[in-house]
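Participant: Please see the structure below; I have some questions.
The values are calculated or read from the model by the stated rules, or taken from the named source; none is laboratory data. This one's a predicted model, so the numbers in the text were calculated from it and none came from an experiment. Ideal geometry is used to build each Cβ from the backbone, glycine not excepted, and the neighbour counts take in all protein chains shown.
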Amino acid sequence: MTNDHSTLFSFGLWTVGNPGRDPFGHAVRPVQDPCHIVQKLGEIGARGVNLHDEDLVPFGSSAAERDRIVADFKKAMADSGVSCPMATTNLFSQPIFKDGAFTSNDPRVRAFALRKTMDAIDLGVELGARTYVFWGGREGTETDACRDGRDALAHFREAIDFLCGYCDDQGYDLRFALEAKPNEPRGDIYLSTTGHMLHFISTLQHSDRVGVNPEVAHETMAGLNFVHGVAQAMECGKLFHIDLNAQRIGRYDQDLRFGSEDLKMAFLLVRLLEGTNGGARYEGPRHFDAHAYRTEDVDGVWEFAKGCMRTYELLAERARAFDADPEVKGLLEATKKPALVDVSGGYSAERAAALRDLDIDAAAVGAEGLGYERLDQLLVEHLMGAR
Ligand code: GLT
Ligand code: MN
Ligand code: MN
(Lines give C-alpha, C1' and ligand atoms only; values in the text may rest on other atoms or scores of the structure.)
(Ligands and ions follow the chains in the order given, each with its own letter.)
Protein backbone atom coordinates (compact mmCIF):
# COMPACT_ATOMS: atom_id res chain seq x y z
CA MET A 1 0.00 0.00 0.00
CA THR A 2 1.46 3.35 -0.98
CA ASN A 3 0.55 6.92 -0.31
CA ASP A 4 -1.58 7.97 -3.27
CA HIS A 5 -0.20 11.51 -2.96
CA SER A 6 -3.60 13.03 -2.32
CA THR A 7 -2.73 12.56 1.35
CA LEU A 8 -0.14 14.91 2.75
CA PHE A 9 1.45 13.48 5.90
CA SER A 10 3.34 16.00 7.99
CA PHE A 11 5.39 16.01 11.19
CA GLY A 12 6.49 18.90 13.38
CA LEU A 13 10.21 19.48 13.87
CA TRP A 14 9.38 19.22 17.58
CA THR A 15 7.86 15.74 17.14
CA VAL A 16 10.45 13.60 15.35
CA GLY A 17 13.04 15.99 16.84
CA ASN A 18 11.86 15.32 20.42
CA PRO A 19 14.94 14.19 22.39
CA GLY A 20 12.84 12.48 25.07
CA ARG A 21 13.18 15.08 27.83
CA ASP A 22 10.36 14.99 30.38
CA PRO A 23 9.68 16.75 33.70
CA PHE A 24 11.55 13.96 35.53
CA GLY A 25 14.38 13.12 33.18
CA HIS A 26 16.99 14.42 30.79
CA ALA A 27 17.18 13.95 27.05
CA VAL A 28 17.78 10.33 25.94
CA ARG A 29 18.44 11.08 22.25
CA PRO A 30 20.65 13.60 20.48
CA VAL A 31 19.07 16.76 19.11
CA GLN A 32 18.74 16.32 15.32
CA ASP A 33 19.51 19.16 12.95
CA PRO A 34 16.33 20.56 11.27
CA CYS A 35 17.83 20.13 7.76
CA HIS A 36 18.61 16.47 8.54
CA ILE A 37 15.05 15.96 9.83
CA VAL A 38 13.65 17.33 6.57
CA GLN A 39 15.86 15.01 4.55
CA LYS A 40 14.73 11.99 6.62
CA LEU A 41 11.05 13.01 6.29
CA GLY A 42 11.47 13.09 2.52
CA GLU A 43 13.04 9.62 2.62
CA ILE A 44 10.18 8.03 4.55
CA GLY A 45 7.50 9.63 2.34
CA ALA A 46 6.25 12.39 4.64
CA ARG A 47 5.89 15.40 2.41
CA GLY A 48 5.31 18.05 5.08
CA VAL A 49 7.28 19.59 7.92
CA ASN A 50 5.77 21.98 10.47
CA LEU A 51 7.57 24.16 12.95
CA HIS A 52 7.53 26.73 15.72
CA ASP A 53 9.72 29.77 15.11
CA GLU A 54 12.18 28.56 17.77
CA ASP A 55 12.35 24.99 16.43
CA LEU A 56 14.30 26.47 13.53
CA VAL A 57 15.66 29.87 14.61
CA PRO A 58 16.95 29.86 18.21
CA PHE A 59 15.45 32.55 20.46
CA GLY A 60 17.55 35.71 20.34
CA SER A 61 19.25 35.00 16.97
CA SER A 62 20.45 38.04 15.03
CA ALA A 63 18.78 38.94 11.72
CA ALA A 64 21.82 37.68 9.81
CA GLU A 65 21.82 34.34 11.67
CA ARG A 66 18.10 33.98 11.07
CA ASP A 67 18.48 34.58 7.34
CA ARG A 68 21.33 32.07 7.04
CA ILE A 69 19.40 29.37 8.97
CA VAL A 70 16.25 29.95 6.91
CA ALA A 71 18.16 29.84 3.60
CA ASP A 72 19.76 26.48 4.54
CA PHE A 73 16.38 25.12 5.61
CA LYS A 74 14.68 26.20 2.39
CA LYS A 75 17.40 24.45 0.41
CA ALA A 76 16.92 21.25 2.46
CA MET A 77 13.16 21.46 1.82
CA ALA A 78 13.65 21.89 -1.92
CA ASP A 79 16.24 19.07 -2.09
CA SER A 80 13.93 16.65 -0.25
CA GLY A 81 10.62 17.64 -1.87
CA VAL A 82 9.19 18.48 1.56
CA SER A 83 6.88 21.50 1.98
CA CYS A 84 5.93 23.46 5.10
CA PRO A 85 2.12 23.45 5.23
CA MET A 86 1.82 24.82 8.78
CA ALA A 87 3.78 27.04 11.13
CA THR A 88 3.25 28.30 14.66
CA THR A 89 4.78 30.39 17.45
CA ASN A 90 6.45 29.18 20.59
CA LEU A 91 4.59 31.26 23.20
CA PHE A 92 5.30 28.90 26.07
CA SER A 93 9.02 28.14 26.61
CA GLN A 94 10.49 31.54 27.50
CA PRO A 95 10.08 32.66 31.15
CA ILE A 96 8.32 35.85 30.03
CA PHE A 97 5.33 33.65 29.11
CA LYS A 98 5.07 31.99 32.53
CA ASP A 99 1.60 33.51 33.07
CA GLY A 100 0.42 33.42 29.47
CA ALA A 101 1.15 35.38 26.33
CA PHE A 102 -1.93 36.99 24.75
CA THR A 103 -3.94 36.62 27.97
CA SER A 104 -1.28 37.87 30.38
CA ASN A 105 -2.26 40.70 32.74
CA ASP A 106 1.00 42.45 31.82
CA PRO A 107 0.79 44.69 28.74
CA ARG A 108 4.53 44.21 28.15
CA VAL A 109 4.03 40.45 27.82
CA ARG A 110 1.05 40.89 25.49
CA ALA A 111 3.01 43.29 23.28
CA PHE A 112 6.02 40.94 23.22
CA ALA A 113 3.78 38.02 22.27
CA LEU A 114 2.19 39.94 19.39
CA ARG A 115 5.56 41.06 18.08
CA LYS A 116 7.02 37.54 18.30
CA THR A 117 3.97 36.14 16.50
CA MET A 118 4.18 38.71 13.67
CA ASP A 119 7.83 37.69 13.14
CA ALA A 120 6.92 34.00 13.26
CA ILE A 121 4.07 34.54 10.78
CA ASP A 122 6.57 36.20 8.42
CA LEU A 123 8.83 33.16 8.80
CA GLY A 124 5.98 30.70 8.16
CA VAL A 125 4.82 32.55 5.07
CA GLU A 126 8.39 32.72 3.77
CA LEU A 127 8.53 28.90 4.05
CA GLY A 128 5.21 28.55 2.22
CA ALA A 129 2.85 27.82 5.13
CA ARG A 130 -0.88 28.18 4.43
CA THR A 131 -2.08 27.40 7.95
CA TYR A 132 -0.97 29.06 11.16
CA VAL A 133 -1.65 27.29 14.46
CA PHE A 134 -2.31 28.93 17.82
CA TRP A 135 -1.91 26.58 20.76
CA GLY A 136 -2.34 28.57 23.97
CA GLY A 137 -0.29 26.30 26.17
CA ARG A 138 0.39 28.94 28.81
CA GLU A 139 -2.90 30.81 28.38
CA GLY A 140 -4.39 29.68 31.66
CA THR A 141 -4.16 29.68 35.42
CA GLU A 142 -3.32 27.82 38.58
CA THR A 143 -5.31 30.33 40.64
CA ASP A 144 -8.30 32.01 39.09
CA ALA A 145 -7.98 34.76 41.70
CA CYS A 146 -5.38 36.40 39.43
CA ARG A 147 -7.68 37.38 36.58
CA ASP A 148 -11.30 37.61 35.52
CA GLY A 149 -11.80 34.95 32.83
CA ARG A 150 -13.73 37.51 30.78
CA ASP A 151 -10.63 39.73 30.58
CA ALA A 152 -8.54 36.77 29.41
CA LEU A 153 -10.97 36.04 26.59
CA ALA A 154 -11.16 39.71 25.60
CA HIS A 155 -7.36 39.89 25.40
CA PHE A 156 -7.16 36.65 23.42
CA ARG A 157 -9.79 37.97 20.98
CA GLU A 158 -7.96 41.28 20.65
CA ALA A 159 -4.74 39.41 19.75
CA ILE A 160 -6.31 37.14 17.14
CA ASP A 161 -8.22 40.05 15.57
CA PHE A 162 -5.02 42.10 15.46
CA LEU A 163 -3.02 39.30 13.83
CA CYS A 164 -5.74 38.70 11.23
CA GLY A 165 -5.44 42.42 10.45
CA TYR A 166 -1.67 41.99 10.15
CA CYS A 167 -2.14 39.20 7.57
CA ASP A 168 -4.62 41.32 5.61
CA ASP A 169 -2.21 44.23 5.63
CA GLN A 170 0.68 42.05 4.41
CA GLY A 171 -1.50 40.31 1.80
CA TYR A 172 -0.77 36.90 3.38
CA ASP A 173 -2.92 33.98 2.24
CA LEU A 174 -2.86 32.32 5.66
CA ARG A 175 -5.60 30.71 7.71
CA PHE A 176 -5.47 30.48 11.50
CA ALA A 177 -6.24 27.23 13.33
CA LEU A 178 -6.87 27.41 17.10
CA GLU A 179 -5.86 24.34 19.14
CA ALA A 180 -7.62 23.57 22.41
CA LYS A 181 -6.26 21.69 25.41
CA PRO A 182 -7.84 21.37 28.85
CA ASN A 183 -4.69 21.54 31.02
CA GLU A 184 -0.90 21.00 30.98
CA PRO A 185 1.36 22.87 31.26
CA ARG A 186 -1.11 25.15 33.12
CA GLY A 187 -3.44 23.84 35.81
CA ASP A 188 -6.32 24.96 33.58
CA ILE A 189 -6.10 26.37 30.06
CA TYR A 190 -8.68 28.82 28.69
CA LEU A 191 -10.88 27.58 25.80
CA SER A 192 -10.32 24.00 26.84
CA THR A 193 -12.06 22.09 24.05
CA THR A 194 -12.66 22.33 20.31
CA GLY A 195 -16.26 23.25 21.09
CA HIS A 196 -15.14 26.20 23.25
CA MET A 197 -12.89 27.31 20.38
CA LEU A 198 -15.67 27.09 17.81
CA HIS A 199 -17.84 29.44 19.80
CA PHE A 200 -14.95 31.82 20.44
CA ILE A 201 -14.27 31.95 16.68
CA SER A 202 -17.83 33.07 16.05
CA THR A 203 -17.07 36.20 18.16
CA LEU A 204 -14.04 37.27 16.08
CA GLN A 205 -13.85 40.23 13.72
CA HIS A 206 -12.29 38.13 10.93
CA SER A 207 -13.93 34.81 11.78
CA ASP A 208 -13.70 33.61 8.15
CA ARG A 209 -9.93 33.38 8.44
CA VAL A 210 -10.06 31.30 11.64
CA GLY A 211 -10.83 27.61 12.25
CA VAL A 212 -9.64 24.86 14.59
CA ASN A 213 -6.77 22.38 14.95
CA PRO A 214 -8.17 19.62 17.17
CA GLU A 215 -5.72 17.14 18.72
CA VAL A 216 -6.62 13.53 19.59
CA ALA A 217 -4.73 13.63 22.89
CA HIS A 218 -6.18 16.90 24.11
CA GLU A 219 -9.85 15.97 23.94
CA THR A 220 -9.17 12.39 25.03
CA MET A 221 -7.28 13.49 28.16
CA ALA A 222 -10.56 14.99 29.36
CA GLY A 223 -12.51 11.86 28.46
CA LEU A 224 -14.31 13.54 25.56
CA ASN A 225 -15.30 11.91 22.26
CA PHE A 226 -12.72 13.24 19.77
CA VAL A 227 -14.62 12.02 16.71
CA HIS A 228 -17.65 14.08 17.76
CA GLY A 229 -15.50 17.20 18.16
CA VAL A 230 -13.96 16.75 14.70
CA ALA A 231 -17.38 16.12 13.17
CA GLN A 232 -18.67 19.36 14.69
CA ALA A 233 -15.72 21.27 13.25
CA MET A 234 -16.21 19.69 9.81
CA GLU A 235 -19.93 20.32 9.83
CA CYS A 236 -19.38 24.06 10.21
CA GLY A 237 -16.46 24.20 7.75
CA LYS A 238 -13.88 24.93 10.44
CA LEU A 239 -11.57 21.91 10.37
CA PHE A 240 -8.52 23.79 9.07
CA HIS A 241 -5.88 21.38 10.42
CA ILE A 242 -5.64 18.30 12.66
CA ASP A 243 -3.13 16.92 15.18
CA LEU A 244 -3.14 13.11 15.08
CA ASN A 245 -1.68 11.02 17.90
CA ALA A 246 -2.89 8.58 20.56
CA GLN A 247 -3.80 8.97 24.20
CA ARG A 248 -5.36 7.16 27.12
CA ILE A 249 -8.12 8.88 29.08
CA GLY A 250 -7.14 10.62 32.28
CA ARG A 251 -3.38 10.66 31.73
CA TYR A 252 -0.91 13.45 31.04
CA ASP A 253 -0.66 14.55 27.38
CA GLN A 254 0.96 11.39 26.00
CA ASP A 255 1.24 12.35 22.29
CA LEU A 256 1.72 8.68 21.34
CA ARG A 257 2.16 7.13 17.90
CA PHE A 258 -1.09 7.42 15.91
CA GLY A 259 -3.28 4.35 16.45
CA SER A 260 -1.22 2.97 19.32
CA GLU A 261 -4.16 3.40 21.74
CA ASP A 262 -7.92 3.23 21.14
CA LEU A 263 -7.71 1.76 17.67
CA LYS A 264 -11.50 1.84 17.32
CA MET A 265 -11.59 5.60 17.82
CA ALA A 266 -8.70 5.94 15.34
CA PHE A 267 -10.66 3.88 12.81
CA LEU A 268 -13.78 6.01 13.22
CA LEU A 269 -11.68 9.17 12.97
CA VAL A 270 -9.97 8.08 9.75
CA ARG A 271 -13.33 6.99 8.35
CA LEU A 272 -14.69 10.48 9.05
CA LEU A 273 -11.65 12.29 7.62
CA GLU A 274 -11.56 10.12 4.50
CA GLY A 275 -15.31 10.41 3.96
CA THR A 276 -15.70 6.70 3.25
CA ASN A 277 -19.18 6.86 4.79
CA GLY A 278 -20.30 9.35 2.15
CA GLY A 279 -19.50 12.65 3.89
CA ALA A 280 -17.08 15.24 2.49
CA ARG A 281 -13.41 14.30 2.83
CA TYR A 282 -11.03 16.45 4.89
CA GLU A 283 -8.49 17.70 2.35
CA GLY A 284 -5.88 19.28 4.67
CA PRO A 285 -2.61 17.80 5.92
CA ARG A 286 -2.63 14.72 8.17
CA HIS A 287 -0.27 16.07 10.80
CA PHE A 288 1.20 13.79 13.44
CA ASP A 289 1.75 15.78 16.64
CA ALA A 290 3.30 12.86 18.44
CA HIS A 291 6.66 11.58 19.56
CA ALA A 292 8.44 8.28 20.01
CA TYR A 293 8.52 6.49 23.36
CA ARG A 294 11.33 7.73 25.59
CA THR A 295 12.78 4.22 25.37
CA GLU A 296 13.83 4.77 21.74
CA ASP A 297 17.03 5.82 20.03
CA VAL A 298 17.00 7.82 16.80
CA ASP A 299 16.29 4.70 14.69
CA GLY A 300 13.26 4.07 16.88
CA VAL A 301 12.07 7.61 16.16
CA TRP A 302 11.95 6.91 12.42
CA GLU A 303 10.17 3.59 13.06
CA PHE A 304 7.64 5.60 15.08
CA ALA A 305 7.14 8.08 12.21
CA LYS A 306 6.68 5.35 9.61
CA GLY A 307 4.25 3.63 11.98
CA CYS A 308 2.02 6.74 12.22
CA MET A 309 1.65 6.93 8.42
CA ARG A 310 1.32 3.19 7.90
CA THR A 311 -1.42 2.88 10.51
CA TYR A 312 -3.30 5.82 8.98
CA GLU A 313 -3.18 4.20 5.54
CA LEU A 314 -4.22 0.81 6.89
CA LEU A 315 -7.15 2.36 8.73
CA ALA A 316 -8.19 4.24 5.57
CA GLU A 317 -8.15 0.97 3.70
CA ARG A 318 -10.15 -0.76 6.50
CA ALA A 319 -12.67 2.12 6.51
CA ARG A 320 -13.18 1.80 2.74
CA ALA A 321 -13.75 -1.95 3.11
CA PHE A 322 -16.19 -1.43 6.01
CA ASP A 323 -18.30 1.08 4.10
CA ALA A 324 -18.26 -1.08 0.96
CA ASP A 325 -19.44 -4.20 2.85
CA PRO A 326 -23.01 -5.01 1.69
CA GLU A 327 -24.06 -6.09 5.18
CA VAL A 328 -22.81 -2.81 6.66
CA LYS A 329 -24.53 -0.88 3.88
CA GLY A 330 -27.78 -2.68 4.60
CA LEU A 331 -27.62 -1.89 8.31
CA LEU A 332 -26.75 1.77 7.62
CA GLU A 333 -29.52 2.09 5.03
CA ALA A 334 -31.99 1.51 7.84
CA THR A 335 -30.61 4.59 9.66
CA LYS A 336 -31.29 6.87 6.71
CA LYS A 337 -35.09 6.95 6.41
CA PRO A 338 -36.49 10.19 5.00
CA ALA A 339 -38.18 12.65 7.39
CA LEU A 340 -41.96 12.30 7.73
CA VAL A 341 -42.27 16.08 7.75
CA ASP A 342 -39.29 17.99 6.38
CA VAL A 343 -38.43 20.61 9.01
CA SER A 344 -35.00 21.45 7.54
CA GLY A 345 -36.47 24.61 5.99
CA GLY A 346 -37.47 25.91 9.43
CA TYR A 347 -40.77 26.45 11.21
CA SER A 348 -44.08 26.92 9.50
CA ALA A 349 -47.60 26.58 10.85
CA GLU A 350 -48.31 23.99 8.13
CA ARG A 351 -45.36 21.83 9.17
CA ALA A 352 -46.37 22.11 12.81
CA ALA A 353 -49.87 20.95 11.86
CA ALA A 354 -48.46 18.11 9.73
CA LEU A 355 -46.35 16.93 12.71
CA ARG A 356 -49.47 16.95 14.90
CA ASP A 357 -51.34 14.88 12.31
CA LEU A 358 -48.74 12.08 12.23
CA ASP A 359 -49.78 8.75 13.61
CA ILE A 360 -46.68 7.52 15.52
CA ASP A 361 -46.92 4.46 17.76
CA ALA A 362 -44.32 5.43 20.37
CA ALA A 363 -44.46 2.05 22.13
CA ALA A 364 -43.90 0.14 18.88
CA VAL A 365 -41.01 2.41 17.82
CA GLY A 366 -39.46 2.14 21.27
CA ALA A 367 -39.61 -1.64 21.10
CA GLU A 368 -37.72 -1.93 17.79
CA GLY A 369 -34.14 -3.23 17.86
CA LEU A 370 -31.65 -1.15 15.88
CA GLY A 371 -29.02 -3.74 14.95
CA TYR A 372 -26.11 -1.72 16.29
CA GLU A 373 -24.62 -4.77 18.02
CA ARG A 374 -24.20 -6.45 14.64
CA LEU A 375 -22.97 -3.20 13.09
CA ASP A 376 -20.30 -2.75 15.76
CA GLN A 377 -19.25 -6.40 15.53
CA LEU A 378 -18.76 -5.91 11.79
CA LEU A 379 -16.68 -2.83 12.56
CA VAL A 380 -14.49 -4.84 14.93
CA GLU A 381 -14.11 -7.66 12.39
CA HIS A 382 -13.08 -5.25 9.64
CA LEU A 383 -10.66 -3.61 12.06
CA MET A 384 -9.12 -7.00 12.80
CA GLY A 385 -8.86 -7.86 9.12
CA ALA A 386 -11.33 -10.73 9.55
CA ARG A 387 -13.58 -9.56 6.69
C1 GLT B 1 3.30 21.42 21.77
C2 GLT B 1 1.88 20.99 22.03
C3 GLT B 1 1.15 20.69 20.81
C4 GLT B 1 0.96 21.85 19.91
C5 GLT B 1 2.23 22.36 19.35
C6 GLT B 1 1.97 23.63 18.60
S7 GLT B 1 3.48 22.51 20.49
O8 GLT B 1 4.09 20.31 21.50
O9 GLT B 1 1.91 19.88 22.91
O10 GLT B 1 -0.09 20.11 21.07
O11 GLT B 1 0.21 21.43 18.80
O12 GLT B 1 2.25 24.77 19.34
MN1 MN C 1 -0.93 19.62 19.11
MN1 MN D 1 -0.57 16.90 22.87
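Participant: Could you list all residues from segment 148-195 that are among the β-branched types (V, I, T) and farther than 24 Å from G223 by Cα? Don't jump to the end; show me each part of the working.
Facilitator: First, the residues of segment 148-195 that are among the β-branched types (V, I, T): 160, 189, 193-194.
If the condition is that a residue be among the β-branched types (V, I, T) and farther than 24 Å from G223 by Cα, then I160 is the only one that fits.
Participant: Would you please name the residue that is surrounded by the most Cβ atoms within 10 Å (Cβ to Cβ), looking only at residues in segment 272-296 that are over 15 Å from the mean Cα position of the chain (by Cα) and farther than 20 Å from K306 by Cα?
Facilitator: T276
Results for (1) closer than 23 Å to L51 by Cβ; (2) modelled with pLDDT under 95; (3) not charged (D, E, K, R), shown as yes or no for each residue.
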site: G165; (1), (2), (3): no, no, yes
site: R209; (1), (2), (3): yes, no, no
site: N225; (1), (2), (3): no, no, yes
site: E235; (1), (2), (3): no, no, no
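Participant: A further question follows. In segment 144-173, what count of residues is obtained for those that are in a loop (DSSP other than H, G, I, E, B), farther than 16 Å from R110 by Cα and in contact (Cβ under 8 Å) with a residue 12 or more places away in the chain?
Facilitator: The total comes to 2.
Participant: Further, regarding this structure: In segment 202-219, how many are surrounded by fewer than 24 Cβ atoms within 10 Å (Cβ to Cβ) and in a helix (DSSP H, G or I)?
Facilitator: Of the residues in that region, 4 qualify.
Participant: Moving on to the next point. So which helices (runs of 4 or more DSSP H) are wholly in segment 1-73 and hold at least 2 residues that are within 16 Å of ligand 3 (Cβ to nearest atom) and either β-branched (V, I, T) or surrounded by 16 or more Cβ atoms within 10 Å (Cβ to Cβ) (or both)?
Facilitator: Values: elements: 13-16, 34-44, 53-56.
Correct list: 13-16.
Participant: It is to be established whether one or more residues within segment 185-198 are among the β-branched types (V, I, T) and more than 14 Å from ligand 2 (Cβ to nearest atom). Give the steps one after another, and end with the answer.
Facilitator: First, the residues of segment 185-198 that are among the β-branched types (V, I, T): 189, 193-194.
Filter again for more than 14 Å from ligand 2 (Cβ to nearest atom), leaving none.
No, that holds for no residue.
Participant: Oh, and also: When only residues in segment 156-190 that are among the acidic types (D, E) and within 22 Å of the chain's Cα centre (by Cα) count, which is surrounded by the most Cβ atoms within 10 Å (Cβ to Cβ)? First the steps, then the outcome.
Facilitator: First, pick out the residues of segment 156-190 that are among the acidic types (D, E): 158, 161, 168-169, 173, 179, 184, 188.
Now narrow it down to the ones that are within 22 Å of the chain's Cα centre (by Cα): 161, 173, 179, 184, 188.
On the way: D161: 16, D173: 10, E179: 22, E184: 15, D188: 14.
The extreme case among them is E179.
Participant: Output yes when any residue across segment 228-244 is in contact with a strand residue (DSSP E or B) (Cβ under 8 Å, 6 or more places away or on another chain), within 16 Å of ligand 3 (Cβ to nearest atom), assigned to a loop (DSSP other than H, G, I, E, B) and in contact (Cβ under 8 Å) with a residue 40 or more places away in the chain, and no when none is. Full working, then the answer.
Facilitator: Of the residues in segment 228-244, the ones in contact with a strand residue (DSSP E or B) (Cβ under 8 Å, 6 or more places away or on another chain) are 230, 233, 237-244.
Pick out the ones that are also within 16 Å of ligand 3 (Cβ to nearest atom) and you get 230, 241-244.
Of the ones still in play, those that are also assigned to a loop (DSSP other than H, G, I, E, B) are 241-242.
If we keep only those that are in contact (Cβ under 8 Å) with a residue 40 or more places away in the chain too, we end up with 241-242.
Yes, segment 228-244 contains at least one residue that is in contact with a strand residue (DSSP E or B) (Cβ under 8 Å, 6 or more places away or on another chain), within 16 Å of ligand 3 (Cβ to nearest atom), assigned to a loop (DSSP other than H, G, I, E, B) and in contact (Cβ under 8 Å) with a residue 40 or more places away in the chain.
Participant: Follow-up. Out of N90, N105, which single residue is more than 16 Å from ligand 2 (Cβ to nearest atom) and either in contact with a Gly (Cβ under 7 Å, 6 or more places away or on another chain) or in a loop (DSSP other than H, G, I, E, B) (or both)? Break it down into steps so the answer makes sense when it comes.
Facilitator: On the way: N90 fails: more than 16 Å from ligand 2 (Cβ to nearest atom).
N105 is the lone residue from the list that is more than 16 Å from ligand 2 (Cβ to nearest atom) and either in contact with a Gly (Cβ under 7 Å, 6 or more places away or on another chain) or in a loop (DSSP other than H, G, I, E, B) (or both).
Participant: Still on this structure, I have one more. Let me confirm something: among D148, D173, D122, D208, which residue is away from ligand 1 (no atom under 13 Å from the Cβ) and either closer than 26 Å to F59 by Cβ or in contact with an Asp or Glu (Cβ under 8 Å, 6 or more places away or on another chain) (or both)?
Facilitator: Values: D148 fails: either closer than 26 Å to F59 by Cβ or in contact with an Asp or Glu (Cβ under 8 Å, 6 or more places away or on another chain) (or both); D173 fails: either closer than 26 Å to F59 by Cβ or in contact with an Asp or Glu (Cβ under 8 Å, 6 or more places away or on another chain) (or both); D208 fails: either closer than 26 Å to F59 by Cβ or in contact with an Asp or Glu (Cβ under 8 Å, 6 or more places away or on another chain) (or both).
Of D148, D173, D122, D208, the one residue that is away from ligand 1 (no atom under 13 Å from the Cβ) and either closer than 26 Å to F59 by Cβ or in contact with an Asp or Glu (Cβ under 8 Å, 6 or more places away or on another chain) (or both) is D122.
Participant: Right, here's the next one. So the check is Cβ under 6 Å with 6+ separation or different chains; which pairs have a first residue in segment 249-266 that's on the phi < 0 side of the Ramachandran plot and a second one that's of a type in the set (G, A, S) and away from ligand 3 (no atom under 14 Å from the Cβ)?
Facilitator: I249/G223; R257/G307; A266/G259
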